[in-house]
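Enquirer: Dropping a structure here in structure tokens format, bear with me for questions.
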Amino acid sequence: MDNIRILIVDDHQVVREGLRRMLELEADLKVVGEASNAAEVLTQAGLLSPEVILMDIKMPGADGIEITRQLKEKYPACNVIMLTLYDEYLTQAIEAGAVGYLLKDIKREELVKAIRAVHEGRSPLNLSLSQKHLAELTVPAEGQQRAYLSERELVVLRLIADGVITRDIAKQLFLSEASVKRSVRIVFEKLGARNRSEAVSEAHKRKLI
């Protein structure tokens, strides 16, 4: 099995070294480089072709969200996981192109699982994100009455639109199937839909997806 190539981005050397030692305990993970600022990230990404980039948010100069935006413009195929102390930047990170958002208090096993999930094309969200921010409301479109969906509900809605079944949604988001079913039910109620087809149709009308 080929190693998953990882680039660690954090302005604190001790954090980078700790992550490197932790990740390289896994036979299928290889840290190919480290970076502490925007210039280093862009250079390293071009030279090392990492498959997964662990990105801090708060750094001198350009923050991790802006760096992610630049990375996605220059290297669209790169997979960025935000790894941060702050839970309030979830929406901005996803809009910038991040495929995952994890808090630094995550357990090693969960971080490893998330990296593997991203490598397989799935998008993990850290379950320790506060309900306050998972329940963040979307901004109503101009001149339209639209349902207020939380960040999690929007993610679930997009997966439904992609035809992903409940069991696989649960795996992708590291949730129980019961939690996913509750989210789906809430999405249906907010959209006035009776089934997935109606939910997707209504979501398109309201420009939610």
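The values are calculated or read from the model by the stated rules, or taken from the named source; none is laboratory data. Worth saying up front: this structure is predicted, and the values here are computed from it rather than measured. Cβ sites come from the backbone with ideal geometry, for glycine too, and all protein chains shown count toward neighbours.
Enquirer: Would you pick out the residues in the stretch 59-98 that are hydrophobic (A, V, I, L, M, F, W, C), more than 13 Å from the chain's Cα centre (by Cα) and under 21 Å from Leu111 (Cβ atoms)?
Expert: Met59, Ile67, Leu71, Leu85
Enquirer: Go through (1) of a type in the set (A, V, I, L, M); (2) in a loop (DSSP other than H, G, I, E, B); (3) closer than 17 Å to Leu71 by Cβ and name the single condition Ala39 misses.
Expert: If we test Ala39 against (1) of a type in the set (A, V, I, L, M); (2) in a loop (DSSP other than H, G, I, E, B); (3) closer than 17 Å to Leu71 by Cβ, just (2) comes out false.
Enquirer: Out of everything in the stretch 20-36 that is touching a residue at least 12 places away in the same chain (Cβ under 8 Å) and assigned to a helix (DSSP H, G or I), what residue ends up being nearest to Ile8 (Cα to Cα)?
Expert: Looking at residues that are touching a residue at least 12 places away in the same chain (Cβ under 8 Å) and assigned to a helix (DSSP H, G or I), I get Arg20.
Enquirer: Could you tell me whether any residue of the stretch 94-109 is modelled with pLDDT of 90 or more, of a type in the set (Asp, Glu), surrounded by 15 or more Cβ atoms within 10 Å (Cβ to Cβ) and closer than 19 Å to Ile8 by Cα?
Expert: Checking the stretch 94-109: not a single residue is modelled with pLDDT of 90 or more, of a type in the set (Asp, Glu), surrounded by 15 or more Cβ atoms within 10 Å (Cβ to Cβ) and closer than 19 Å to Ile8 by Cα.
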